[in-house]
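Remarks on the structure that follows.
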Amino acid sequence: MTLHPVALVTGASRGLGRGVALQLARDGFSVAVNYAGNRQAAEETCAECAKAAPEKTQKFIPIQADISLREDRERMVREAVGGFGRLDALVNNAGIPTKVRGDLTEATEESFEAVLKTNLQGPYFLTQSVVNLWRSKAFEPLPGRTFKIIFVTSISAYTASTNRGDYCVSKAGLAMAVQLWASRLSDEAIQVFEIRPGIMATDMTSGVKEKYDKLIAAGVVPMKRWGTGDDVGRAASALLSGAFPYSTGQVINVDGGFHLKTL
């Protein structure tokens, strides 16, 4: 039986995470589809992955876990390894938006704590759990491959939005987490990457679609379109498939050129 590389993708029931899971399925991965609460959406992702997969031996399993909770994170890793027998890649994608957009002078500690626990603390320590699993030699990398980690951040890592400061801080912290983990693991054959999406068409941005439609039309995105889960999925699959064997800590901008500075 063909042994497929296995990726755990957090927040994969919808949006960017679903895009990542689908592209990985197309490219021969089995995928653990993490979700926080919407099991139906996770099962839909698994079904779509199964249709897209080129080989029937690929597997797609939904795993419920709230990544802000240590117990859930640890259980998720156990269930992924138990369901697939191994784990080759982690895609830290799950995240939540600011609860209520408002000026910095009125922001609440409750919202700040909730956003950072999910967007920063959760993936930071989930990575720790997965890395320690790999370092325990519970299983070896597949022939010709290395273990890999992707953090999905945001242009909010460097773009100030004063009505959602907690979200910006969480993504800036996550960008530094990439540098930390890449530095720590560079001599252990574990690669770490950052995918930095721009203005993406997801449930998270549906409430501000009109605002961003106008900004995109005005040229804030040089390529003049919204990004999609497919765009992020293609980047993630290229990284996880081994297309960058001599790289780690790289930032891959998937933003239509938003990061460009022009006069």
Task: Rg/Rg_globular for the stretch 68-219, with Rg_globular taken as 2.2 N^0.38 Å and Rg from C-alpha atoms - done: 1.17
- [ ] Give me the number: length gained by fully extending PHE125 to ARG75, i.e. 0.36 nm times residue separation minus the C-alpha to C-alpha distance, one decimal in nm.
- [x] 16.7 nm
Open item on the list: For a quick check of your reading of the filter: which GluC sites (Glu not before Pro) in the stretch 1-105 sit in a DSSP loop and have no more than 15 other Cβ atoms within 10 Å?
Closed with: GLU55
TODO: Over the stretch 184-263, calculate the relative contact order: mean separation of alpha carbon pairs under 8 Å at least 6 apart, over the residue count, as a percent.
DONE: 48 percent
Task: Computed [θ] at 222 nm, deg cm²/dmol, the chain (DSSP H ≥ 4; -39,500 (n - 2.57); rounded to nearest 500) - done: -12500 deg cm²/dmol
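State, as an integer percentage, the relative contact order of the stretch 1-157 based on alpha-carbon contacts under 8 Å between residues 6 or more apart.
Once divided by the residue count of the stretch 1-157, the mean separation gives 23 percent.
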Task: Proximal lysine pairs, the stretch 97-241, alpha carbons under 26 Å, eight or more residues apart or interchain - done: 16
TODO: Kindly put SER241, SER13, SER161, SER68 in sequence by how many other C-beta atoms sit within 10 Å of each C-beta, fewest to most.
DONE: SER161, SER241, SER68, SER13
Task: For the stretch 250-260, Karplus couplings with θ = phi - 60° (6.51, -1.76, 1.60), whole Hz, Gly/Pro x - done: 5, 9, 9, 7, 10, 9, x, x, 4, 6, 5
- [ ] For a footprinting-style exposure proxy, rank VAL115, VAL251 by other Cβ within 10 Å, fewest first.
- [x] VAL251, VAL115
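Using only alpha carbon positions, build the gyration tensor of the chain, then give the equivalent ellipsoid semi-axes as the square roots of 5 times its eigenvalues, largest first, whole angstrom.
After scaling each eigenvalue by five and taking roots: 29, 20, 19 Å.
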Task: TRP226, TRP134, TRP181 arranged by Cβ crowding within 10 Å, fewest neighbours leading - done: TRP226, TRP134, TRP181
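Any read-out appearing in this document is the output of simple, stated calculations on the displayed coordinates, not a laboratory observation. A quick note: this is a predicted structure, and the numbers were derived from the prediction, not measured. Cβ: placed from backbone, ideal geometry, glycine included. Neighbour counts: every protein chain shown.
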